[in-house]
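Heads up: the structure comes next, in structure tokens.
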Amino acid sequence: MSLKGQKITVNNINLNVVIEGKGRPVILLHGFPDSARIWRDQIKFLTSRGFQVIVPDLRGFGDSDAPEGKENYTLETIVGDVTALMDQLGINRALVVGHDWGAIVGWILAIKHPQRVECYVAISVGHPLAYRSDFIQKLRSWYAVLFQIPFLSELGVSAIDWFLLRKLTGNHTETNNWISDLSRKGRLTAGLNWYRANFSRLLFDDFPHVKVPVFGIWSSGDIFLSKGQMLKSAAYVDGPWRYEMIDGASHWIPLDVPERLNRLLLEYLESDP
């Protein structure tokens, strides 16, 4: 169940995009197994503070198209969706915020198109080189290895009333919405294709430093991402770097502590980093 937006065609697919408010553009990028819905509290808050907020359901999620084949889910393709969306909306530069896979998309966007990113807020996931260099992170990424196996991983995630997904998400209050989304034909495979198209590349490809200002936010209750992979990201940011730890929140910071996140975002986005 995503938020109702408008359909915008980019790279031969239709994206569902929520666009609210007027002012400096802020693009919010979700991850797995989310949609634009994860940002509902940030949309209301940031528009009330004078920002234009652009929130796409990224390809394969929500009410956006989900093309078949893992080749349609490479990071380059998804970053291309974001820049094409900016072009369609006449946005030259934007403030960018990403969470989970959306954070990785944001890192690659900032690396490849720094002229399009005014500043970047990475929630939960650090720079790709920091991600793969942290030993604890390697241990926490076990599920991503499981997701590489076609058919069997779909079965494993959805079996026994989605037992594994419920276990991984800690039966979060949003879990039933995620299950409803992923139960639609082809949607679980589309989400897993993000892992299949990109996980090995995150482990082996080279990724340049980031030149734009970056604000890294990590939560102490995150069972998927280590503190180290976020802290080590500072070494791969040549622009101004800031870090904040949020105590107690799970991986889903935008859902668990929306008021705290909203305050941090507003302070940073208005600070001219």
Could you list all residues from the stretch 227-255 that are within 18 Å of HIS172 (Cβ to Cβ) and aliphatic (A, V, I, L, M)? ILE246, ALA249, ILE253, LEU255
Within the stretch 169-190, considering residues that are part of a loop (DSSP other than H, G, I, E, B) and of a type in the set (D, E, K, R), the one nearest to PHE32 (Cα to Cα): GLU174
Any hit, the stretch 43-58, residues being of a type in the set (D, E, K, R) and in contact (Cβ under 8 Å) with a residue 40 or more places away in the chain: yes
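Evaluate the following for GLU118: is it out of contact with any helix residue (DSSP H, G or I) (no Cβ under 8 Å at 6 or more places or on another chain) and either within 22 Å of ALA36 (Cβ to Cβ) or among the aromatic types (Phe, Trp, Tyr) (or both)? Spell out the reasoning first.
Working: out of contact with any helix residue (DSSP H, G or I) (no Cβ under 8 Å at 6 or more places or on another chain): yes; either within 22 Å of ALA36 (Cβ to Cβ) or among the aromatic types (Phe, Trp, Tyr) (or both): yes.
So GLU118 fits the description; yes.
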Restricting attention to the stretch 172-194, report how many residues are basic (Lys, Arg) and either surrounded by 13 or more Cβ atoms within 10 Å (Cβ to Cβ) or over 11 Å from GLY62 (Cα atoms) (or both). 2
Which pairs do you get when a residue that is at pLDDT below 95, found in the stretch 1-22, comes within reach of a residue that is exposed (fewer than 12 other Cβ atoms within 10 Å of the Cβ) and polar (S, T, N, Q), reach meaning Cβ atoms under 8 angstrom, with the pair 6+ apart or on two chains? MET1/SER180
Qualifying positions in the stretch 191-214 - part of a helix (DSSP H, G or I) and of a type in the set (A, V, I, L, M): LEU192, ALA197, LEU202, LEU203
Restricting to the stretch 1-35, give me the number of residues that are small (Gly, Ala, Ser) and closer than 15 Å to ILE78 by Cα. 2
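One line per residue, one yes/no per condition, for (1) of a type in the set (A, V, I, L, M); (2) under 23 Å from LEU28 (Cβ atoms); (3) touching a residue at least 60 places away in the same chain (Cβ under 8 Å):
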{"residue": "ARG187", "(1), (2), (3)": "no, yes, yes"}
{"residue": "TRP194", "(1), (2), (3)": "no, yes, yes"}
{"residue": "ASP205", "(1), (2), (3)": "no, no, yes"}
{"residue": "PRO213", "(1), (2), (3)": "no, yes, yes"}
{"residue": "TRP218", "(1), (2), (3)": "no, yes, yes"}
{"residue": "VAL237", "(1), (2), (3)": "yes, yes, yes"}
{"residue": "ARG242", "(1), (2), (3)": "no, yes, no"}
{"residue": "LEU266", "(1), (2), (3)": "yes, yes, yes"}
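With a cut-off of at least 3 residues that are out of contact with any Cys (no Cβ under 8 Å at 6 or more places or on another chain), within 25 Å of LYS44 (Cα to Cα) and of a type in the set (Lys, Arg), name the helices (runs of 4 or more DSSP H) lying wholly within the stretch 226-273. Steps first, answer last, please.
Working: elements: 227-231, 253-256, 258-269.
Passing ranges: none, list empty.
So if I check each of ALA197, ALA249, ALA190, ALA235, which one is small (Gly, Ala, Ser) and either more than 18 Å from the chain's Cα centre (by Cα) or at pLDDT below 95 (or both)? Steps first, answer last, please.
Details: ALA197 fails: either more than 18 Å from the chain's Cα centre (by Cα) or at pLDDT below 95 (or both); ALA249 fails: either more than 18 Å from the chain's Cα centre (by Cα) or at pLDDT below 95 (or both); ALA190 fails: either more than 18 Å from the chain's Cα centre (by Cα) or at pLDDT below 95 (or both).
Result of the check over ALA197, ALA249, ALA190, ALA235: ALA235.
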Within the stretch 263-271, can one find any residue that is surrounded by fewer than 16 Cβ atoms within 10 Å (Cβ to Cβ) and closer than 17 Å to GLY106 by Cα? no
Restricting attention to the stretch 211-226, report how many residues are farther than 19 Å from GLY106 by Cβ and either over 19 Å from the mean Cα position of the chain (by Cα) or not small (Gly, Ala, Ser) (or both). 1
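The values are calculated or read from the model by the stated rules, or taken from the named source; none is laboratory data. Because the structure is predicted, anything quoted here is derived from the model rather than measured. Because the Cβ atoms are built from the backbone with ideal geometry, glycine has one as well, and the counts that use them run over all protein chains shown.
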